[in-house]
1. Go through B:Glu154, B:Glu85, B:Glu185 for me and flag whichever is among the acidic types (Asp, Glu), over 25 Å from B:Thr225 (Cβ atoms) and touching a residue at least 12 places away in the same chain (Cβ under 8 Å).
2. Within the stretch B:1-42, how many residues are aliphatic (A, V, I, L, M) and not in a helix (DSSP H, G or I)?
3. Can you tell me which of (1) charged (D, E, K, R); (2) touching a residue at least 40 places away in the same chain (Cβ under 8 Å); (3) at the interface with chain B (Cβ under 10 Å from one of its Cβ atoms) is the one A:Arg116 doesn't meet?
4. Only one of these conditions is not met by B:Leu389: (1) crowded, with 20+ Cβ neighbours inside 10 Å; (2) away from chain A (no Cβ under 14 Å); (3) outside any helix (DSSP H, G or I). Which number is it?
5. Any chance you could count how many residues in the stretch A:12-29 are buried (at least 17 other Cβ atoms within 10 Å of the Cβ) and in contact (Cβ under 8 Å) with a residue 60 or more places away in the chain?
6. For A:Pro110, work out the one condition from (1) over 22 Å from B:Val358 (Cβ atoms); (2) within 9 Å of another protein chain (Cβ to nearest Cβ) it doesn't fulfil.
7. Restricting the search to the stretch A:183-195, which residues are touching a residue at least 12 places away in the same chain (Cβ under 8 Å) and assigned to a helix (DSSP H, G or I)?
8. What residue, among those in the stretch B:349-364 that are in contact with a Leu (Cβ under 9 Å, 6 or more places away or on another chain) and more than 7 Å from every other protein chain (Cβ to nearest Cβ), is farthest from B:Ala251 (Cα to Cα)?
Amino acid sequence: MAEHNNRLMAARDLQMWFPVRRWGFIPAGAVRAVDGVSFELRRGEAVAVVGESGCGKSTLARTLLAIHTPTGGRITFEGRDMEQFTSREMRWYRRRVGYVQQDPYGALPPFMNVHRILREPLIVNGVRDRQEQEERIRDGLREVRLVPVEDFLDKFPHMLSGGQQQRLVIARAIILNPGLLIADEPVSMLDASVRVEILKLLRRIQDAHNLGVCYITHDLSTVRYFSHRIMVMYAGKLVEKAPVGGLLDDPCHPYTRALLRAIPDPEPENARTYRPVPGGEPPSLMNPPSGCRFHPRCEYAIAGLCEVEEPPHFVPRADHEVACWLFREE
Amino acid sequence: MRNLRTGLKELRHYPSAIVGLAFIATLVALALYAVIALPLDDAIRLWRAGEGIWEDTPRNASPVLLNWWPGNNHAETIVVRCSDEAATRSMERLSDDFAIIDISLPLEFTYDGFPDDVRVFLEADYEERRPHAALAWKTPDGREIELEERTLGERATYVVSGDRRLAERLGTEAHIGLFRQPDIEDDVPLKGRYELSVEGILFEPEGDVRVRLVSYGRVHGLAGTDHRRRDLTVALLWGAPVALAFGILAALGSTLTTLVIAAVGVWFGRWVDAVIQRLTELNAILPVLPLLVLIGTLYSRSIWVMLGVVIALGVFSLGIKVYRAMLLPVRNAPYIEAARAYGAGNFRIVFRYLIPRVIPVIVPQLVTLIPSYVFLEATLALLGLGDPLLPTWGKVLQDAFQQGALYKGYYYWVLGPALLLMFTGLGFAMVGFALDRIFNPRLREL
């Protein structure tokens, strides 16, 4: 029961298909951006979702944020089913979930100053008292280390550096005291020198508020630093779920292994070595390959099995799930 | 994307914008002066030109400006009343109901040209028996010319140019003959002090006679006068507030509604967008001017009705397509996604997140749009659909056009309103183009 209470968010068989129409009205299939994703997120836990571009990570984030209405499956948050949210519950949900985006400049309305940007979520969520608004705005800025606060209040986004912009985005995400933070590639557009700072900041905020964090990235090198568990996504599906150490040190799924091999390593010797990478391109999400979606690119593909039947989640180790036929129990 | 306020501040770096702003400021000052100095009711009453309001002004006189040209000294209008200080007036009562009244009105004439006409307005007080008056004209060189003897009514007018017998006696047009130097072949006016003397005989104890002498000039007022003796200053002054109000309201009204509708269409998409797009296309094929002519002819020519129709037709103007193109990329901007994630509603997103983003791009368009609506109003007036009451630049042009002003050489009649219209267009266009360069910096390199 304690286990259950500790659960912040759960997704079961989540589907987000975008219908495609020819000539604007003739149905012509669907883009299966998220196709049967299940996971659990505990309170105060940071989970990384990794995968290459176009695998559906961002769509997953938007679906979890209720920006898209899922076409199938269900999301529960703190024990409540999102599908049955009343509009009041939906407002509560939006307060409880913060969103940090990839492009900090694009994420900030260019015509609002810092003060206004932070006030907007408060106004929208019914914090009417001016005094309280001011306090929370200042607390938020202090929390992301945009100090002295007075120097920043009147600035517009274009006057801030990339790192400061992202801090502001984080301040906006946490100003409503959320329980869950969804960070969609929060550092990928930042300068390498600022990335660590921002990740440290997110880490500190996560600890301070006991936040659940869903950290979406294509960059495995930052994952170990930040998260407890990793979920690897490929073509709209989760192919491997494991604690950070277990996955990074001993990956199971061939795709995960390929991903790990692709991490650049600052070692001069590497310039002379050739690392094999899986050929081919990410599959079309409109017509995904039959069976295991990775089989056309997989070097271990088992003929007659992988391209026919979709692999279920196997559990080769405790707390380690992988959707690959290589791990089937004979 | 630049902030609106800083963009407006940047205007001062553009000389053309400063000149444009000066034009606009002048127009605004003119409009304010018109509204304060000449209340609307007075302006309308003056422009209606009833009740002998314009008795003392000449017909089709050029602007006084003409006299500022060296060598020009056209006659200006001179009005002498018997109540003036220079006028003398004596009454000799011979018995209870019999008196002789002697009025002398001096007229200082210093011009190189003849007046347009001379009239004497006589007013008499009496109960039953009308007074009698004899008019005589004394020239500076001592000649005395008998003008007319008549029995007076309550109001009587003696029109010199209409006095055939006098013309015959003088051998030329009467109002020229009165001022002409004698014994010279050419018509040259004699300068000096003229005098109109009125000898009246009253037959009642309470009777009285008042006289007003008007020598109509060839030039009058800053803007001249029209065929109904109306001083064009009234129309040129009042044209400013009307033009500004019409232009600004129409531009604002149509732009803002169009923007809001475009934003609503872009945000909600699907059938809302489709309906708005189809309505826009439908509206695009409606001919605006014929519709306005139709409404002006069949319903009302009031400028406010026209304004309403112009705005209503502007709501679904093709601007929607332009704004839609600008808003579509904004719709998917991450900051709007963020706003949805923290729970901003549709209304808030449309008005606080979508529209403000394109306002800086709209402002230059709005400013350049104002004169086109000012011109539209003038066009309507020229087509005979001007507001029936208000004096406007367009109506002056229409009068000039109908009276054949250019054919007859009354250039001032057309130039006045036309110049004002051009200045309005120039002012707003210069500011608008400068704003465009500020807010759309890609144009700067051109």
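1. Answer to the check: B:Glu154.
2. 2
3. That leaves (2) as the condition not met.
4. (1)
5. Quick first cut of the stretch A:12-29, residues buried (at least 17 other Cβ atoms within 10 Å of the Cβ) only: A:14-17.
Then drop every residue that is not in contact (Cβ under 8 Å) with a residue 60 or more places away in the chain, which leaves A:14.
Count: 1.
6. (1)
7. If the condition is that a residue be touching a residue at least 12 places away in the same chain (Cβ under 8 Å) and assigned to a helix (DSSP H, G or I), then A:Val194, A:Arg195 are the ones that fit.
8. Of everything passing the filter in the stretch B:349-364, B:Leu354 is farthest from B:Ala251 (Cα to Cα).
The values are calculated or read from the model by the stated rules, or taken from the named source; none is laboratory data. Please read these numbers as outputs of a predicted model, since none were measured by experiment. Cβ sites come from the backbone with ideal geometry, for glycine too, and all protein chains shown count toward neighbours.
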